[in-house]
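Student: The structure that follows is given in the form of structure tokens.
What follows draws every value from the coordinates through simple rules; no lab data is involved. All values reported here derive from a predicted model rather than from experimental measurement. With ideal geometry, Cβ positions are generated from the backbone for all residues, glycine too; neighbour counts draw on all protein chains shown.
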Amino acid sequence: MESYYDRVEEIKAVVSKHFAVEDVYYEAGVLTFLIREREIKEDFRSLYRELKRLGYVPSARLSGGRVVIRVFRYREPALGFLRYRNLPLILFAITLAVILLDGYFWASFRSLYEVAFGPRSFLEKLFESGLYAAILLAILGLHELAHLVAAKRAGASASMPYFIPGIPGLIPTFGAVIFQREPIVNRDEMFDLGLSGPLTSFILSTVIGFLAVSWYAPWLTEQELRRVVEAVRASGGEVTTLQPPLMLQAIVALLQLGHPDRIPLMSGGVFFAIWLGFFVTALNLLPIWQLDGSKIFRSVLSARQHRIASYVSLAILAVSGYFFIAILFFLLLAAAFLGALL
């Protein structure tokens, strides 16, 4: 097998084709180039792709006001059991089953809708659970597909989405992830990769929210809604409310222009799925390790600024009432920090 040092002249020729090389030396055993150019974005992208075909990847950094390019042998990340070919399909099937079961739980509860309009049939409950599953999987799946498309556009290979099943009756899924098999070339691609998923899920949640409020939700007068709530409480039930996302509130306000004396009854699994879509999208924009917001913020901030932004976002989560989520993300940050030290 050809060693790293056997191909030094070939690597030098490739780098020299794209940049004016002023010096070549080894730094900690890594072939390093000092180049004359300061603006390297497009040429570096071309260099990356050419070296990748040879089995190497470059990195660029500023050192003493000069651009330094280092060339490493490319090693595909070890994914362990994630390499199993049918694993994404198996995880998707399990997640679908869990979401359908959770959706049927939602449809079986004695909701405000049933108090207002009477019990639903078995087929109606199945329809709602299927709609619930379709909304969640569409938001999560297209989110990851957008990441996959962004990675492909950048010329990087990535895995299919791995869906993570959750717990029926609590949270049906913990989302989905894709694994990028190559490093990100520059900050532009990092920004695009980070933003693509949340932007897609936000647009999709908005469109589904508009359709659900305008088509799926019954519109009641304030007096009718009050009677329904009182009937639930009189029967020993509780009415638990989730604060609608700002976009959903805006959709309701817009549609109320045509129903000035009515309020949409946003009850049941369909609207929980929409709420969850907006919530997860907002959460994913935080500048915390492993979230998409980390890529977005890291593309415009220094390492120190990004670290400060991460801890500030944790504090905002905690004081906003999401204390346990803040603790979970803090543990993830601590694990990432320790991993970088070891």
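Student: Can you pull the one-decimal nm distance between simple spin-label points at Ala13 and Gln290, each 7 Å off the Cα toward Cβ?
Tutor: 4.6 nm
Student: Please give the Cα centre distance for the range 7-28 versus the range 245-310, rounded to the nearest Å.
Tutor: 47 Å
Student: Spin-label point model (7 Å from Cα, Cβ direction): what's the Leu87 to Leu331 distance in nm?
Tutor: Each label point lies 7 Å from its Cα, and together they span 2.2 nm.
Student: What FRET efficiency comes out for Ser108 versus Asp261 if R0 is 35 angstrom and r is the Cβ-Cβ distance? Round to the nearest 0.05.
Tutor: 0.65
Student: Taking only complete DSSP H runs, can you tell me which helices of the chain stretch 15 Å or more along their own long axis by Cα positions and average at least -0.5 on the Kyte-Doolittle scale?
Tutor: Within the chain the helices that satisfy the rule are 8-18, 87-108, 122-153, 187-211, 269-284, 303-319, 323-341.
Student: Something else now. Just subtract the alpha-carbon distance of Ala253 and Ser320 from 0.36 nm times their residue separation and send over the number in nm, one decimal.
Tutor: 21.7 nm
Student: Right, another one. Between Ser121 and Leu246, what is the label-to-label distance in nm when each label sits 7 Å out along the Cα-to-Cβ direction?
Tutor: Rounded to a tenth, the inter-label distance reads 4.4 nm.
Student: Follow-up question, since we're still on this one. Within 10 Å of each residue's Cβ, count the other Cβ atoms and sort Phe44, Phe191 from fewest upward.
Tutor: Ranked by crowding around the Cβ, least crowded first: Phe191, Phe44.
Student: Evaluate E = 1/(1 + (r/R0)^6) for Phe72 and Gln223, where r is the Cβ-Cβ distance and R0 equals 51 Å; express this FRET efficiency to the nearest 0.05.
Tutor: Efficiency, rounded to the nearest 0.05: 0.15.
Student: Of Ser294, Ser214, how do they rank once you tally other Cβ atoms within 10 Å and put the fewest first?
Tutor: Ser214, Ser294
Student: What length, rounded to one decimal in nm, is gained on full extension from Leu34 through to Leu301, with 0.36 nm per residue of separation minus their alpha-carbon distance?
Tutor: 93.6 nm
Student: State whether the range 4-73 is rounded, prolate or oblate according to the following rule on the C-alpha gyration tensor (a ≥ b ≥ c being the square roots of its eigenvalues): a/c under 1.5 gives rounded; otherwise a/b larger than b/c gives prolate, and the remaining case gives oblate.
Tutor: Judged from the Cα gyration tensor, the range 4-73 comes out oblate (a/c at least 1.5, b/c at or above a/b).
Student: Take the chain, connect every pair of alpha-carbon atoms lying under 10 Å apart with a spring to form a Gaussian network, then pick out the residue of Glu182, Glu42, Glu114 with the largest mean-square fluctuation.
Tutor: Per the Cα network of the chain with a 10 Å cutoff, Glu42 tops the list.
Student: Which residue fluctuates the most in the chain, going by a Gaussian network model with Cα springs under 10 Å, if the choices are Lys12, Lys152, Lys295?
Tutor: Lys12
Student: Amide H neighbours of Phe174 under 5 Å, counting only residues 5+ apart in sequence or on other chains, H built in-plane at 1.01 Å?
Tutor: Those lying under 5 Å, H to H, from Phe174 are Ile164, Gly166.
Student: Averaged across orientations, what area in nm² does the convex hull of the alpha carbons in the chain project?
Tutor: Averaged projected hull area, Cα only: 21.9 nm².
Student: Let me ask you something else. I need the P(r) histogram for the range 128-210: all alpha carbon pairs, bin width 5 Å from 0 out to the longest distance, whole percents.
Tutor: 3, 15, 22, 22, 17, 11, 6, 3, 1
Student: Explain nothing, just the number: relative contact order of the range 4-73, from Cα pairs under 8 Å at least 6 residues apart, as a whole percent.
Tutor: Relative contact order, the range 4-73: 30 percent.
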